[in-house]
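Values in this text are rule-based calculations from the coordinates and carry no lab data. Computed from a predicted model, the values in this text were never measured in an experiment. We place every Cβ from the backbone using ideal geometry, glycine too, and count neighbours over all the protein chains shown.
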Amino acid sequence: MARRTLRLPRLTGRVFAAAVALVLAVCGALALAFHASVTDFSADPAALDALPYDVRTDHVLQLELATEDDLEATRAEREAMGATPAEDAADELYLTSTAVENPADYAPVVVTATFTGEREYVYQAFRCAFTVTGVVRDDGAGVVAGDTIDVFENLQISTPDHNPTGKGQQGNERMVTFGYGDCCVPYREGQEYLLFLEEKDYPEGMPDTKPVYRLIWHPYAAVPTDAPEHPERVWMDETHVIHEGVDANGNPYSWEEDDDEMSFGEAQHYDRLCYDEAARDAYLEGATTIIINTLGS
């Protein structure tokens with residue numbers, strides 16, 4: 001009995017190239033569709049404002065300011081442990097997580113600026129347009145009053161942490177979540193802020209682009225200039241309930257029930273989200289100190 005062998009037709013170079021091009025086109029279309037499913041919200045302000053916002057409150061320990069002596073003590077501890085030294089002043093605040101009283105000494109660019117309300121969602125961050133109203137420090141950046149500058153917002157659009165399907169795939173649900181650094185409350189249109197900034201670095205060889213700035217690490221890196229006069233704009237978590245007791249085996253337990261919900265649009269009404277009154281008071285005191293130290297009384 002003769003043995004049959006399956007032979008596939010040999011593709012010519014032109015046919016093979018066309019097949020590869022088709023596969024790449026399909027992959028590109030799928031990638032663009034997925035990208036659009038996440039980024040289209042930035043082109044639709046109403047849809048963006050309606051997205052759930054990941055409520056994260058600050059504790060008093062995160063908002064209390066540190067002195068230069070505190071920073072020096074932390075610096076000494078890091079050196080004793082052989083930790084990687086900071087590349088610059090702004091990097092030192094990030095590495096030490098020290099909320100100093102004078103962040104202007106650690107930020108290459110310090111300005112007052114008003115958020116125009118224009119947001120563009122780029123790679124895992126919002127790029128927001130500000131109109132500069134005053135310049136405290138620019139370290140040669142050439143920023144002057146009246147300029148429009150772009151500042152990254154420490155927020156991103158992502159899928160919720162939970163996976164209701166249990167099958168590992170991403171669903172259609174989206175929410176605005178915390179990104180890098182600190183200062184996770186969204187900017188408010190028409191609000192003037194005191195901003196402590198550093199210019200975003202781009203890879204070597206990239207074409208010259210317009211400078212884009214990011215906040216330095218500091219809980220007050222973007223503080224409304226009128227924050228001390230508006231305590232009503234500080235949101236406090238009043239829904240958390242702490243459950244304590246002893247289980248059937250005699251072991252003590254404690255857990256916190258937290259059911260805070262907020263939309264992205266609602267979050268823009270506030271200057272800070274605080275855990276309790278102590279955190280609120282610390283924020284208002286810290287904001288006052290930072291504004292006076294940077295802008296004067």
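Worth a mention:
- Burial ranking of peptide ranges 65-77, 87-99 (average Cβ count within 10 Å, highest at the top): 87-99, 65-77
- Estimated at 0.36 nm per residue, the fully extended path between residue 278 and residue 43 surpasses their Cα-Cα distance by 80.8 nm.
- Peptide packing: for 58-64, 108-114, 189-195, 232-238, the average count of neighbouring Cβ atoms within 10 Å per residue gives the ranking 108-114, 189-195, 58-64, 232-238, highest mean first.
- Within-15-Å neighbourhood charge of residue 149 [Cβ basis; K, R +1; D, E -1]: -4
- The packing ranking, built from the mean of other Cβ atoms within 10 Å per residue, places the peptides 282-291, 213-222, 125-134 in the order 213-222, 282-291, 125-134, highest first.
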